[in-house]
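J.: Mind looking over this structure? Questions follow.
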Amino acid sequence: MIVLLLLAILPVLALILRSKRSRSHPPLPPGPKPWPFIGNILDMPTVQPWKKYQEWCKEYKSDVIFLDIPTRPTIILGSAKACFDLLDKRSNIYSDRVVLGWNFSLALMPYTPRWRAHRRMFHQEFYQGTVNKYRPAQRQHARALLSWLSKDPQNTRQYIRQFVTSVIFFVTYGRKIDSMDDEYIGLAQGAVVGFSQASIPGAYWIEFLPFLRHIPSWIPGAASKKLIKKHRPLTVSMVDKPYTEAKIAINNGTAPPSLAASLIDRNIRKYGGTNEDPVYDQVIKNVTGVAYAAGADTTTSACSSFLLAMAMFPEVQKRAQAELDRIVGPSRLPDHDDLVHLPYIQATVMEAMRWMAVTPFGVPHAVTSDDFYNGYHIPKGAVIVPVSCCPMAILRNEKDYPSPDEFRPERFLNNKGNIDPSIRDPTTIAFGFGRRICLGRYFSNNTLSIFIASVLHVFNITAGVDTTGKPVELSTEMEGGLVAMPCNIPCGLEPRSEAATQLIREEETKEV
Ligand code: HEM
């Protein structure tokens with residue numbers, strides 16, 4: 001019955017929307033041929049969607065592709081130029097989002113004053129000039145990670161996640177994460193996994209037709225609503241629980257310094273006893289909650305891809321270690337302050353952000369007015385998907401990055417061995433565009449840099465064996481939704497020398 005209703009309503013809706021769109025406008029960008037009434041709904045890939053986006057860019061020889069989704073036209077952008085032209089230069093109309101239900105997250109809020117208030121508060125704590133205050137926490141956690149990895153390298157994937165999560169929780173709530181069994185890790189991981197899957201473009205088209213919420217789950221697009229609903233209790237707890245705990249500690253005078261503590265303190269001093277107090281209290285809760293949601297999987301993915309690259313390109317590993325040996329030496333671990341003297345390590349960090357796209361289709365934007373680009377009509381309300389792994393463009397673009405499949409930090413160096421500013425820095429793309437550009441990019445870069453320098457300083461990295469004793473197969477296959485992770489990561493981490501083992505042991509006696 002419901003399927004019949006669906007079949008009856010969709011054609012009418014599609015016709016109305018399409019006739020509104022086609023009135024006196026230039027043509028839409030090229031793309032796969034739509035089916036009568038249902039457009040390209042059935043063409044939308046929901047598993048590893050970036051592969052299909054790449055194929056379309058190639059097939060239609062265009063860096064702007066149109067997908068006819070009756071309720072939400074979708075545009076794929078497959079070149080840096082198209083992304084900068086639209087999402088950056090015209091960001092006044094390209095900064096909206098498709099709302100998916102994560103109401104607390106500023107990363108998904110529509111382009112409204114509410115989003116602006118959240119973004120302003122987050123920015124104050126994470127802009128370039130202030131993030132270095134988090135370096136001691138990042139360094140200490142990176143050093144703790146060396147010890148975990150040396151004892152149990154088969155669980156490398158879990159320890160990387162624990163390291164990234166611990167840094168974010170420590171900075172945000174002043175809370176230590178002692179193991180992967182920590183309640184908050186489970187909460188947050190569950191919430192983020194559900195969301196990441198649900199946000200694949202086309203997986204969510206059904207969201208715009210609430211009256212169809214009972215349709216069978218085999219119809220494409222139906223699954224995302226269920227996913228979001230299933231994970232909602234985890235999401236609520238992920239945002240509420242650590243914040244409530246932090247507030248209790250503040251009231252008891254037992255709170256360690258943290259982002260939550262300083263924001264709450266500032267709010268009380270500025271708005272305590274006024275009507276604004278509860279309003280800003282909610283903003284603080286959301287802003288602290290989004291730090292984990294937006295920062296944990298993304299940074300974990302970048303750290304994991306780096307390890308994979310080291311095992312697949314051992315000559316890069318050797319060259320990076322030689323630089324560390326020369327500049328830092330065997331008697332201490334590297335620090336953030338060393339990085340300025342370590343151009344090859346800096347280039348390795350840049351290459352880690354380029355080689356495997358962390359968010360292969362960015363975080364989709366939405367356009368708030370009709371627009372025209374390269375002779376094509378971009379319809380108002382369209383979802384705009386910047387595809388950062390498209391081979392003809394962006395991070396895997398032959399022209400900007402020759403032999404793009406190879407992990408080659410040298411590409412960012414000039415003939416004096418310094419960073420060459422004429423080569424496009426991949427972080428200008430990997431962190432998104434315009435007014436929605438990633439707010440955690442400087443923080444994340446500090447975490448990734450100290451992770452890379454510390455791990456390379458003490459370990460030789462090879463494929464190794466996994467927890468079942470099977471040799472790890474190295475490949476560049478990625479899995480996931482909004483955030484992609486390498487399917488396999490190496491587990492063969494061996495201390496490079498007696499001196500390296502000694503450095504790791506010394507750290508074990510220190511408090512994180
Ligand atoms: C390798 C690590 C990371 C990558 C690749 C990454 C990537 C991105 C991307 C692609 C966007 C969307 C930009 C756009 O819409 O054009 C984004 C947004 C965002 N990121 Fe990150 N991110 C990373 C780490 C972090 C961290 C560590 C934090 C927090 C501490 C963070 C906080 C945010 C926030 C709050 C937004 C939403 C901005 C808005 O919508 O106004 N990110 N990130």
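J.: At R0 = 51 Å, how high is the FRET efficiency between residue 116 and residue 47 if r is their beta carbon distance? Nearest 0.05 is fine. Could the numbers behind the result be given before it?
T.: Values: r = 35 Å, r/R0 = 0.69.
Calculated transfer efficiency: 0.90.
J.: For the pairs 58/380; 33/58; 176/247, flag any whose C-alpha to C-alpha distance is greater than 18 Å. Show your work: numbers first, answer last.
T.: On the way: 58/380 26 Å; 33/58 15 Å; 176/247 16 Å.
Over 18 Å Cα-Cα: 58/380.
J.: Please identify the trypsin sites (Lys or Arg not before Pro) of region 455-512 that satisfy two criteria: DSSP loop assignment and at most 12 other Cβ atoms within 10 Å. Which are they? Display every interim value, and only then the final one.
T.: Details: sites: 496, 505, 510; in loops: 496, 510.
Answer by residue number: 510.
J.: State whether region 408-458 is rounded, prolate or oblate according to the following rule on the C-alpha gyration tensor (a ≥ b ≥ c being the square roots of its eigenvalues): a/c under 1.5 gives rounded; otherwise a/b larger than b/c gives prolate, and the remaining case gives oblate. Mind showing how you got there, number by number?
T.: Numbers: a/c = 3.13, a/b = 1.19, b/c = 2.63.
Oblate, since a/c reaches 1.5 and b/c is not below a/b.
J.: If the chain between residue 61 and residue 372 were fully stretched, how many nm would it gain, using 0.36 nm times the residue separation less the Cα-Cα distance?
T.: Values: separation 311, 0.36 × 311 = 111.96 nm, distance 1.89 nm.
Net length gain for the segment: 110.1 nm.
J.: Add -39500 (n - 2.57) for each DSSP H run of 4 or more in the chain, then divide by its residues: what number comes out at 222 nm, to the nearest 500 deg cm²/dmol? Let's see the in-between values first.
T.: Numbers: 15 runs with 242 residues, N = 512.
It comes out at -15500 deg cm²/dmol, rounded to the nearest 500.
J.: What pairs from 52/81; 51/318; 151/318; 81/285 go past 25 Å between their alpha carbons?
T.: 51/318; 81/285
J.: Would you mind getting the accessible area per residue of the chain, heavy atoms of the protein chains only, 1.4 Å probe, in Å²? Working shown, then result.
T.: Numbers: 21880 Å² over 512 residues.
Result: 43 Å² per residue.
J.: Once you compute Rg and the Kirkwood Rh from C-alpha atoms, what is the Rg to Rh ratio for the chain?
T.: My calculation puts Rg/Rh at 0.98.
J.: Just subtract the alpha-carbon distance of residue 103 and residue 123 from 0.36 nm times their residue separation and send over the number in nm, one decimal. Numbers along the way, then the final one.
T.: Working: separation 20, 0.36 × 20 = 7.20 nm, distance 1.89 nm.
Length difference between fully extended and current span is 5.3 nm.
J.: Among rounded, prolate and oblate, which fits region 98-145 when a ≥ b ≥ c are the square roots of the eigenvalues of its C-alpha gyration tensor, a/c under 1.5 means rounded, and a/b larger than b/c means prolate? List each step's numbers first, then the result.
T.: Details: a/c = 4.96, a/b = 1.98, b/c = 2.50.
Judged from the Cα gyration tensor, region 98-145 comes out oblate (a/c at least 1.5, b/c at or above a/b).
J.: Relative to the longest principal axis of the chain, what angle (0 to 90°, nearest 10) does the C-alpha long axis of helix 314-327 take?
T.: 50 degrees
J.: May I ask you to compute the full-extension gain from residue 88 to residue 475, defined as 0.36 nm times their residue separation minus their alpha-carbon distance, rounded to one decimal in nm? Before the final figure, lay out each step's value.
T.: On the way: separation 387, 0.36 × 387 = 139.32 nm, distance 3.37 nm.
Net length gain for the segment: 135.9 nm.
J.: Round to a whole number: what % of the accessible area of the chain belongs to carbon and sulfur, probe 1.4 Å?
T.: Working: 12180 of 21880 Å².
Roughly 56 percent of what the probe reaches on the chain is carbon or sulfur.
J.: Under the definition of Cα pairs under 8 Å and six or more residues apart, what whole-number percent is the relative contact order of region 312-470? Before the final figure, lay out each step's value.
T.: Details: 184 pairs, mean separation 45.1, N = 159.
Result for region 312-470 is 28 percent.
J.: For region 24-81, list log₁₀ I(q)/I(0) at each q in 0.21, 0.23, 0.24, 0.27 Å⁻¹, using the Debye formula over Cα point scatterers of equal strength and ignoring solvent, two decimals each.
T.: -0.82, -0.97, -1.04, -1.25
J.: Now, a different point. Any idea what angle helix 276-312 forms with the longest principal axis of the chain, computed on alpha-carbon atoms, 0 to 90 degrees, nearest 10?
T.: 70 degrees
J.: Any idea what angle helix 2-22 forms with the longest principal axis of the chain, computed on alpha-carbon atoms, 0 to 90 degrees, nearest 10?
T.: Here the helix axis deviates by roughly 90 degrees.
J.: Please list the non-local residues whose amide H lies under 5 Å from the amide H of residue 459, H modeled 1.01 Å from N, same-chain partners needing a gap of 5 or more.
T.: So residue 459 has HN proximity to 496.
The values are calculated or read from the model by the stated rules, or taken from the named source; none is laboratory data. Given the structure is predicted, the values throughout are model-derived calculations rather than measurements. Note: ideal-geometry Cβ built from the backbone for every residue, glycine included; neighbour counts use all protein chains shown. Side chains are part of the model used for accessible areas, which takes the heavy atoms of the whole protein and leaves out ligands, DNA and RNA. Shrake-Rupley method; radii C 1.70, N 1.55, O 1.52, S 1.80 Å.
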